[in-house]
Amino acid sequence: MDRLSSFLVQRLRHKTRQEVRRLAMRNGLLTMKVVHVDGYLVGRYSPAFDPSQLSGDAARDRQWVRDHLAPFLIEPDQPKTGSPDLSPPVPCLPGHLRRLGSGLQEASASAAYAVHIVGKAGEALNVKNIATLLLLAAAMHESGVALPDLFRLLRQPAPVFSIHVQVEGFERALLALIEKASLVPFGPYVGMAADFTFVEDMWAWSEGEAKRVFLHVLVGDDLRLNRPTMRRQLLRALAHGSPVLAVSETNQAIPDQIDLTCDVRLTGGGIDAALISDLLEAVYGREAASAHAILVREIDAAALTLDDLAIAIRPGRPIHISIEALAGLAARNRNEAEGDGQGGGSSSTRRIIAQSSSERRNDDAKNSKSSASSSSGSGSGGKGKSKRKPTGAEVVLPQPPEDDRDGKPPLVVETLSGYGAAKDWALGLRADLANYRSGDLDWSEMSTKLLLSGPPETGKTTFARALCNSLQIPLVVTSVSTWLQGEYLHDVLGRMADTFAEARAQAPCILFIDEIDGIGMRVSASKDYADYWNACVNKLLELLDGALKSEGVIVVGATNRPNEIDEAIRRSGRLETHIEIPRPDIPALSGILAHHLGPDLDVIAADAGREGASS
């Protein structure tokens with residue numbers, strides 16, 4: 001778990017324990033006294049029960065509080081209006097547990113320890129909240145947004161936030177986290193849906209306290225706001241200084257009026273093995289999570305939802321049982337999504353858990369090669385190319401190392417000349433891929449995303465073909481111009497999505513996108529055809545996030561004009577590694593000629609030597 005995720009999870013747990021102490025005070029288990037500390041008025045809790053009952057062993061004392069003082073840690077039912085006789089009874093401490101004395105004992109170490117144990121004993125981990133917070137932290141990291149920047153904006157009137165995290169259930173879970181967990185500063189908050197009439201007041205009275213109103217736009221398929229209505233709602237919210245939050249968990253993009261004017265734009269990937277590992281660490285501890293890292297990598301994490309995480313992972317449940325449940329839920333969801341029916345989850349779970357990491361990856365590699373071979377068709381002429389797909393993409397199979405057709409060895413990165421840093425990146429990737437296949441390296445720790453730029457005819461496509469042979473994995477080749485051959489916008493977006501789906505089906509593989517600058521940049525909504533080009537850029541951002549979160553897909557984008565690419569495409573988590581291929585110098589040209597001429601080079605050199613001698 002990285003530093004940001006760890007801080008946010010600890011902050012959430014602190015807020016939860018704080019609410020437990022307040023509840024315990026309302027129920028009479030704790031007392032509070034206002035004292036002066038360095039000029040500030042501070043509420044200091046003290047136990048109403050005798051702290052000498054505690055042994056000093058934190059785990060044993062937490063259980064003792066749960067066994068003997070549980071009624072004080074439960075939110076009482078609200079009495080029915082007009083029925084005072086039905087009010088819930090107030091818990092009462094037994095005489096032998098009551099605390100005697102006061103004064104200096106109030107500040108004793110045993111009293112502070114007792115207050116701490118009460119907070120820990122009543123803490124109920126909300127796994128869904130923690131998972132939502134981890135997804136938010138990942139989106140902040142991938143978008144390059146720091147936590148102090150968010151706090152600074154929240155302190156100001158009328159900040160606008162845009163968040164796109166493609167996980168089922170994220171929209172509602174984030175709203176619940178904001179409204180219920182008291183985690184966001186300068187609150188508490190209450191959300192007002194944009195598709196309802198916006199309240200005229202900046203503050204709303206709810207549950208007996210004033211809450212700061214924020215306008216939330218959930219970008220689902222049922223979003224019914226047209227542009228004029230959206231504009232009116234935004235103007236009313238911003239005029240009152242209210243924050244605006246737009247959240248999307250689907251393929252549908254954030255509305256342009258918010259996306260193009262927001263103060264912070266967060267874009268994150270979905271549920272992956274890294275997030276599950278962090279979630280297990282938050283619930284079970286780092287040591288337990290690390291010991292089961294191999295099993296976590298075998299889960300089809302992309303098929304899970306937030307609800308699945310909350311159902312499978314429960315504090316007190318053995319960690320291996322939670323992991324097995326996650327694997328079963330993922331297999332069931334995948335089967336349902338592919339139309340294979342129900343009921344296949346449990347057997348898939350046992351197979352996933354029993355099979356070792358290296359065995360499964362070897363099987364996946366064999367299956368992907370078999371699939372690629374079957375798709376090549378008889379019309380490929382033995383060249384290793386498939387017939388054209390409906391998306392226009394081609395699948396190129398790697399040439400075996402021993403294949404020396406035409407008297408020349410296969411084109412590999414190791415023999416390329418003039419590629420400099422690109423060659424170093426490829427050789428490092430080859431070593432990392434070997435470690436990944438052996439289970440010694442996580443996919444998230446590898447550099448699998450590259451933007452390759454350079455003048456025309458400097459060999460960007462040649463590099464991709466050589467990388468295919470060096471890594472011995474399929475190469476899926478496409479270009480932006482191929483995508484734009486679609487007649488309508490939905491055809492273009494469909495071609496883009498289908499190309500990435502083809503790449504995932506071939507994994508492990510390389511997805512090579514030529515002319516990636518052709519996708520353009522996002523522009524103001526007032527410009528001609530802004531909707532079209534902004535939709536294309538947003539779709540590519542979404543697909544890059546999805547592909548890079550899927551194990552086994554290496555994405556290489558090529559361009560002659562890197563400065564004409566939307567900066568979001570080059571952010572962390574997308575095509576963040578940028579390498580320029582220069583025009584070849586004399587040594588590089590010599591190496592290129594040596595490769596293409598092969599044995600003929602000796603003959604040419606000998607002839608040139610004889611001609612020089614005769615002259």
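Overview of values
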| item | result |
| --- | --- |
| Stretch gain in nm, segment GLU336-TRP64, where the contour uses 0.36 nm per residue and the Cα spacing is subtracted | 93.4 nm |
| Shape category assigned to the stretch 473-540 from the gyration tensor of Cα positions, a/c cut at 1.5 | prolate |
| Peptides 463-471, 113-121 ordered by average Cβ neighbours within 10 Å, highest first | 463-471, 113-121 |
| Inter-label distance, nm, simple model (7 Å from Cα along the C-beta direction), VAL145/ASP531 | 2.6 |
| Nearest-0.05 FRET efficiency for ARG98 and GLU445, computed from C-beta distance (R0 56 Å) | 0.50 |
| Sequence-distant residues sharing a close amide H with LEU441 (under 5 Å, placed H) | TYR436 |
| Vicinal HN-Hα couplings computed from phi for the stretch 255-265 (Karplus, 6.51 cos²θ - 1.76 cosθ + 1.60; Hz; Gly/Pro x) | x, 4, 4, 8, 4, 7, 10, 6, 7, 9, 10 |
| Amide H partners (placed H, <5 Å) of ARG44, local residues excluded | LYS33, VAL34, VAL35 |
| Full-extension gain in nm, LYS211 to GLU580, via 0.36 nm per residue minus C-alpha separation | 127.6 nm |
| Karplus 3J(HN,Hα) series, Hz, for the stretch 461-475 with 6.51 cos²θ - 1.76 cosθ + 1.60 (x for Gly, Pro) | 5, 4, 4, 4, 5, 5, 5, 4, 6, 5, 7, 6, 9, x, 10 |
| Burial order of peptide ranges 18-30, 34-46, 240-252, 267-279 (average beta-carbon count within 10 Å, highest first) | 267-279, 240-252, 18-30, 34-46 |
| Peptides ranked, highest mean first, by Cβ atoms within 10 Å: ranges 58-65, 144-151 | 58-65, 144-151 |
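Values quoted throughout were computed directly from the atomic coordinates according to the rules given, and no laboratory measurement underlies them. The structure displayed is predicted, hence computed values, not measured ones. Every residue, glycine as well, gets a Cβ built from its backbone with ideal geometry; the counts of neighbours run over all protein chains shown.
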